[in-house]
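Please read the structure below before turning to the comments.
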There are 2 protein chains.
Amino acid sequence: MTVKINLPHNNSYEIFIDKLNELYFDTKVVIVTNPTVSGFHLEYLKTKLSAKELSVVTIPDGEKYKHMETIESILEHCFEKRLDRKSLLIAFGGGVIGDMTGFAASIYQRGIDFVQIPTTLLSQVDASVGGKTGINNKFGKNLVGAFHQPIAVHIDPSMLQTLPKREFGAGVAEIVKMAVTFNKDFFEWLEQNDIREEENLRIAIAKSVETKANVVSQDEKEHGIRAALNYGHTFGHVIENETNYNTYLHGEAVGIGMMMANAASVKLGLMSSDEELRVKQLLEKYDIPTTYKIKDIEDFYEHFFLDKKSLDNKIKFILARGIGDCLITNELKKEDVIDVLKGFSCD
Amino acid sequence: MTVKINLPHNNSYEIFIDKLNELYFDTKVVIVTNPTVSGFHLEYLKTKLSAKELSVVTIPDGEKYKHMETIESILEHCFEKRLDRKSLLIAFGGGVIGDMTGFAASIYQRGIDFVQIPTTLLSQVDASVGGKTGINNKFGKNLVGAFHQPIAVHIDPSMLQTLPKREFGAGVAEIVKMAVTFNKDFFEWLEQNDIREEENLRIAIAKSVETKANVVSQDEKEHGIRAALNYGHTFGHVIENETNYNTYLHGEAVGIGMMMANAASVKLGLMSSDEELRVKQLLEKYDIPTTYKIKDIEDFYEHFFLDKKSLDNKIKFILARGIGDCLITNELKKEDVIDVLKGFSCD
């Protein structure tokens with residue numbers, strides 16, 4: 001199965017969803033990975049991959065290492081291997097690996113190519129489309145980075161067999177996100193099918209990637225509709241930040257964030273309580289968390305303003321409009337947001 | 001005087017060469033500068049500039065601070081001031097300020113706009129055109145960075161009155177570079193006129209910027225002809241690196257580098273000894289160094305391979321072909337290069 005991502009400025013590329021093919025590159029190649037992925041899949045990858053000169057750089061596993069020092073260690077490896085402007089990086093891992101490898105590729109000698117081989121469901125359906133790369137810092141998530149498109153993405157669903165159940169669920173959350181905001185038919189299909197089954201999984205990945213690709217093709221640099229992909233993220237980022245990125249997986253925080261956004265939709269009459277419940281049930285089918293206890297509501301609210309999606313000190317919210325459509329707005333009243341947050345408070 | 005830089009992908013912009021106009025920006029603006037420039041010109045700039053919210057970040061003066069930590073300090077200031085995606089950075093200083101401000105702008109929230117107000121002759125004629133941004137690291141110069149075009153460049157030649165004579169000469173070296181490689185008429189005009197005179201200076205800046213703009217318009221990402229702008233730089237970078245960036249100004253090292261490249265041109269019959277002498281005399285008219293004593297020729301040669309312009313372990317040389325034309329080649333034989341270097345050795 002192949003999905004073509006159409007982008008302007010010669011940035012188009014293809015996503016291959018299948019058992020990994022033989023890959024050969026007539027350049028120096030550096031695989032960027034972490035010990036977990038490497039332990040499970042590196043030998044398999046190496047049987048499929050050949051290059052003029054191949055090396056591997058292993059970086060620590062986890063969101064908390066997604067910072068500039070890790071980027072510098074990737075770059076250092078590349079300089080030591082004397083990579084030139086024709087060389088290639090391969091991101092071999094989940095979203096963190098993808099974001100960092102892409103960012104390192106975007107600034108190494110002012111930009112070299114990279115290929116993604118995502119190994120988690122979340123990175124397969126989400127991080128593999130869009131060209132957003134970056135790192136976190138003390139001010140928040142993904143605040144430093146670049147738009148840098150891969151030249152190809154290879155998704156091998158068989159690699160998901162080693163994925164922990166929670167991480168699988170975190171990936172499903174992003175799939176649900178795509179369906180709720182853009183594709184009612186896909187949402188209903190998800191209600192009726194179990195994507196833990198192999199063939200359904202392939203279909204769900206392809207459908208999700210296609211939906212996202214369609215959005216990104218229209219708006220590569222997020223001047224408009226692309227912002228809708230942040231459904232659940234405005235809230236989710238604050239949850240991740242408040243819990244120091246070590247309580248919830250990104251997709252889990254997005255799951256809770258979608259429920260918060262839906263509560264706002266219901267309050268504003270954009271969504272029925274029944275639709276809200278259907279989203280909740282779909283998330284819970286995959287054991288994705290849907291509740292959260294906010295300790296300090298004002299503090300939670302203040303956190304929004306550090307998110308880079310806030311222009312002119314207004315917060316941009318993405319709200320589902322029923323199922324299969326959405327609304328981007330920065331006109332939500334503070335008291336309405338506070339009201340929604342109270343539904344998730346400790347009090 | 002206005003020079004239009006035509007680039008694909010909506011990246012075109014204008015260079016204004018004149019007394020600074022009144023500038024107003026309806027966004028948050030951060031001026032990036034250093035203590036030297038700030039001491040001479042910041043008050044003047046502030047009388048011309050207004051913005052929705054204006055702040056200044058001052059970074060240490062000098063090439064040796066052109067590294068990632070300084071970028072991070074610029075970014076930190078921007079986060080503290082809560083710059084958003086519509087905000088603007090202004091590079092107010094020489095080439096180092098321009099390269100770092102542009103790089104910081106390119107990665108802040110995956111890219112925001114920046115404007116250049118270059119205050120040295122070198123940055124006015126060279127760094128203001130081309131969109132190359134970046135930093136140095138222990139492996140060499142400008143090895144990490146991005147292509148990021150400014151949205152406008154304002155060149156006020158009156159700011160050069162405070163420029164030390166050596167720095168003026170370093171700028172002239174880049175002007176001579178443009179003339180030797182691309183414009184015979186301009187070279188002859190430079191031989192006949194003194195650009196220390198005000199009106200000549202304006203003409204020389206405009207002519208140099210136009211010539212470079214013409215090259216960059218044809219080849220923004222340096223896949224071909226743009227590499228010719230590195231005339232003198234392949235050698236110059238090694239000289240800077242060998243002398244730890246504290247003996248020669250960049251333009252001075254390029255001046256010496258041009259003499260090395262010309263020696264190769266003469267050896268290969270691409271340039272007459274008379275032409276070589278005319279370039280030397282033009283450089284010396286502005287007290288730009290033209291000689292250098294290499295300590296270890298093999299070591300000097302090895303240094304080329306760390307330069308990012310070397311593909312497939314071949315070194316790309318830019319050689320003048322007479323005056324007003326040039327040749328890009330990676331086919332120079334090692335023994336010929338060594339022979340040329342011997343002309344600049346201590347032995």
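The values are calculated or read from the model by the stated rules, or taken from the named source; none is laboratory data. In this text, all values refer to a predicted model and were calculated from it rather than measured experimentally. Cβ atoms come from the backbone with ideal geometry, glycine included; neighbour counts cover every protein chain shown.
Observations on the structure shown:
- Residue in the stretch B:80-103 that is over 19 Å from B:Val216 (Cβ atoms), free of Cβ contacts under 8 Å to residues at least 24 places away in the same chain and not in a loop (DSSP other than H, G, I, E, B) present: yes
- Members of the stretch A:260-274 that are in contact with a Ser or Thr (Cβ under 9 Å, 6 or more places away or on another chain) and without any contact (Cβ under 8 Å) to a residue 24 or more places away in the chain: A:Val266
- Candidates in the stretch A:104-121 are the residues that are part of a helix (DSSP H, G or I) and within 14 Å of chain B (Cβ to nearest Cβ); of these, the one that is farthest from A:His41 (Cα to Cα) is A:Ile107.
- Any chance A:Gly131 is surrounded by fewer than 24 Cβ atoms within 10 Å (Cβ to Cβ) and at the interface with another protein chain (Cβ under 9 Å from one of its Cβ atoms): no
- Within the stretch A:174-185, the set of residues being closer than 14 Å to A:Tyr231 by Cβ and either surrounded by fewer than 23 Cβ atoms within 10 Å (Cβ to Cβ) or among the hydrophobic types (A, V, I, L, M, F, W, C) (or both) comprises A:Ile175, A:Val176, A:Met178, A:Ala179, A:Val180, A:Phe182, A:Asn183.
- Residues (within 22 Å of the chain's Cα centre (by Cα), part of a loop (DSSP other than H, G, I, E, B) and either within 26 Å of B:Tyr108 (Cα to Cα) or free of Cβ contacts under 8 Å to residues at least 60 places away in the same chain (or both)) located in the stretch B:9-24: B:Asn11, B:Ser12
- Residue list for the stretch A:20-29, filter: buried (at least 18 other Cβ atoms within 10 Å of the Cβ) and under 13 Å from A:Ile117 (Cβ atoms): A:Leu20, A:Phe25, A:Val29
- Set A:Glu252, A:Glu191: member being at pLDDT 95 or above, of a type in the set (D, E, K, R), crowded, with 22+ Cβ neighbours inside 10 Å and in the same structural domain as A:Glu284 (by TED's automatic domain parsing): A:Glu252
- Scan the stretch A:155-177 for residues that are in a loop (DSSP other than H, G, I, E, B) and within 11 Å of the chain's Cα centre (by Cα) and the total you get is 0.
- Residues of the stretch A:70-91 that are more than 9 Å from A:Ile112 (Cα to Cα) and basic (Lys, Arg): A:Lys81, A:Arg82.
- Failed item, numbered, when B:His303 is tested on (1) touching a residue at least 60 places away in the same chain (Cβ under 8 Å); (2) surrounded by fewer than 20 Cβ atoms within 10 Å (Cβ to Cβ); (3) assigned to a loop (DSSP other than H, G, I, E, B): (3)
- With respect to the conditions (1) in a helix (DSSP H, G or I); (2) under 25 Å from A:Leu121 (Cβ atoms); (3) not hydroxyl-bearing (Ser, Thr, Tyr), A:Glu69 lacks only one, and its number is (2).
- Tally, over the stretch A:45-65, of residues that are closer than 14 Å to A:Val96 by Cα and either within 14 Å of another protein chain (Cβ to nearest Cβ) or of a type in the set (Phe, Trp, Tyr) (or both): 1
- Within the set A:Arg196, A:Arg226, the sole residue that is among the charged types (D, E, K, R), over 19 Å from A:Glu63 (Cβ atoms) and within 14 Å of chain B (Cβ to nearest Cβ) turns out to be A:Arg226.
- Test: residue in the stretch B:194-206 that is crowded, with 24+ Cβ neighbours inside 10 Å and modelled with pLDDT of 95 or more: yes
- Inside the stretch A:25-61, residues that are in a strand (DSSP E or B) and either assigned by TED's automatic domain parsing to the domain that holds A:Asn246 or of a type in the set (A, V, I, L, M, F, W, C) (or both) make up a count of 10.
- Scan of the stretch A:9-63 for residues that are small (Gly, Ala, Ser), under 30 Å from A:Lys221 (Cα atoms) and in contact with a strand residue (DSSP E or B) (Cβ under 7 Å, 6 or more places away or on another chain), ordered by number: A:Ser12
- Enumeration of residues in the stretch B:285-295 that are of a type in the set (D, E, K, R) and in contact with a helix residue (DSSP H, G or I) (Cβ under 9 Å, 6 or more places away or on another chain): B:Lys285, B:Asp287, B:Lys295
- Residue count, the stretch B:137-165 (criterion: in contact with a Leu (Cβ under 7 Å, 6 or more places away or on another chain) and either within 9 Å of another protein chain (Cβ to nearest Cβ) or in contact (Cβ under 8 Å) with a residue 60 or more places away in the chain (or both)): 8
- When B:Ser272, B:Ser265 are screened for being surrounded by fewer than 15 Cβ atoms within 10 Å (Cβ to Cβ) and closer than 26 Å to B:Val172 by Cα, only B:Ser272 passes.
- Test result for B:Tyr286, crowded, with 17+ Cβ neighbours inside 10 Å and away from chain A (no Cβ under 14 Å): yes
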